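Visitor: Let me give you the structure first, and then I'll get to my questions.
Just so it is clear, none of the values below were taken in a lab; they were calculated from the coordinates. Quick caveat: nothing in here was measured; it's all calculated off a predicted structure. With ideal geometry, Cβ positions are generated from the backbone for all residues, glycine too; neighbour counts draw on all protein chains shown.
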Amino acid sequence: MARRTRLILALDTTDQTQAERWAAETASSCDAIKLGLEFTHANGLDAVRALARGRTLFLDLKLHDIPNTVAGAIRALAPVGAAMLTVHAGGGAAMIDAARRAIEDSAGSGSRPLLLAVTVLTSLDAESLHATGVAGGPRQQVLRLARLAMQAGADGVVCSPHEVAPLRDSLGAAPCLVVPGIRPAGAEVGDQRRVMTPSEAARAGADWIVVGRPITGATDPGAAARAIAAELAA
Ligand code: C5P
């Protein structure tokens, strides 16, 4: 069966009222909301839980620390009831393994969040990645980190749209691929570097696309989300 690529709305704001308004305006077109560092640091986990009520939550806190600390953070996040959590793949196999165990322990016999490993941020191009000491290009590094993450127990990875097809070729259909760096044709790229349109990312094999500013920065966020959902469905 053909894969249905679903839409996640990134709510990058500190303003709870604004986040609630964006989520409500786009509810008919978005399959999940993503709350990250900005919203969570400003408002705390109770506010995250309140906004996520009745919605599918991707809690994107990109954890990156020693295994014991990441495992503790994951246990602390369990009551929020997220459907997806992120760690940085660069934290290494032991950290990812500890995260997976903590997710399973905290879930007990109930459903558990998917563990996603962030590979290379979509704001990094070859030059900026090289400056961090990585010798290969983004594609090579994403493939390396994705293999490591999947072997260590991740359910999927966060990658740019440019790495989706190579990842499918190399790792097959199983990994859940969550893909930011999405820009509808003609949209502002902003700080993103490795971008594609929603339909290109869907054709490449993304399970979920993550879209923030092209929706939240639009004069009519509801219409912008509907247009992206229609592009995915076409
Ligand atoms: O506004 P924009 O569509 O660029 O938002 C993309 C979202 O995806 C942001 O919330 C950002 O934190 C997130 N993200 C990303 N690149 C990654 C992982 C997450 O842009 N590698």
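Visitor: Based on the alpha-carbon gyration tensor of the stretch 6-233 and its eigenvalue square roots a ≥ b ≥ c, which shape applies: rounded if a/c is under 1.5, prolate if not and a/b is larger than b/c, or oblate?
Guide: Numbers: a/c = 1.60, a/b = 1.08, b/c = 1.48.
Cα axes put the stretch 6-233 in the oblate bin.
Visitor: Next question. According to the square roots a ≥ b ≥ c of the eigenvalues of the Cα gyration tensor, what is the shape class of the stretch 173-230, taking rounded for a/c under 1.5, prolate for a/b larger than b/c otherwise, and oblate for the remainder? Please list the in-between numbers first.
Guide: Details: a/c = 2.11, a/b = 1.54, b/c = 1.37.
In terms of gyration-tensor shape, prolate.
Visitor: Among the DSSP beta bridges whose two residues both lie in the chain, what percent are antiparallel, rounded to the nearest 5?
Guide: Numbers: 0 of 28 bridges.
Once the DSSP bridges in the chain are tallied, antiparallel ones form about 0 percent.
Visitor: Need one word for the stretch 1-58: rounded, prolate or oblate. Basis is the Cα gyration tensor (sqrt eigenvalues a ≥ b ≥ c); a/c below 1.5 gives rounded, then a/b vs b/c decides. Spell out each step's value before the answer.
Guide: Numbers: a/c = 2.24, a/b = 1.90, b/c = 1.18.
It is prolate, given that a/c is not under 1.5 and a/b is the larger ratio.
Visitor: In nm, to one decimal, how far is the A50 label point from the A73 one, both placed 7 Å along Cα→Cβ?
Guide: 2.4
Visitor: Of the listed peptides 150-159, 22-31, what is their order by residue-averaged count of other C-beta atoms within 10 Å, with the highest listed first?
Guide: Values: 150-159: 23.1, 22-31: 18.9.
Going by the mean number of other Cβ atoms within 10 Å, highest first, we get 150-159, 22-31.
Visitor: So if we plug the beta-carbon distance of Q151 and T219 into 1/(1 + (r/R0)^6) with R0 = 41 Å, what FRET efficiency do we get, rounded to 0.05?
Guide: Numbers: r = 45 Å, r/R0 = 1.11.
Working from the Cβ atoms, E equals 0.35.
Visitor: Could I ask something else about it? Output ³J(HN,Hα) for the stretch 87-92: one whole-Hz value per residue in order, computed from phi by the Karplus curve 6.51 cos²θ - 1.76 cosθ + 1.60 with θ = phi - 60°, and x for Gly and Pro.
Guide: 10, 7, 4, x, x, x
Visitor: Let me ask something additional. Could you check which residue among A149, A99, A185 shows the biggest mean-square fluctuation in a GNM of the chain with a 10 Å Cα cutoff?
Guide: Comparing A149, A99, A185 in a Gaussian network model of the chain, the most mobile one is A185.
Visitor: Right, another one. Taking 0.36 nm per intervening residue step and subtracting the Cα-Cα distance, what contour gain separates A27 from A107 on full extension? Present the calculation step by step, with values, prior to reporting the outcome.
Guide: On the way: separation 80, 0.36 × 80 = 28.80 nm, distance 2.72 nm.
Contour length minus Cα-Cα distance gives 26.1 nm.
Visitor: For the chain, which DSSP H helices look membrane-span-like by this rule: Cα extent along the axis of 20 Å or more and mean Kyte-Doolittle of at least -0.5? Don't skip to the answer; put the middle values down first.
Guide: Numbers: long enough: 93-107 (21 Å, 0.09); 138-152 (21 Å, -0.18).
Taking the DSSP H segments of the chain (at least 20 Å long, mean hydropathy at least -0.5), we get 93-107, 138-152.
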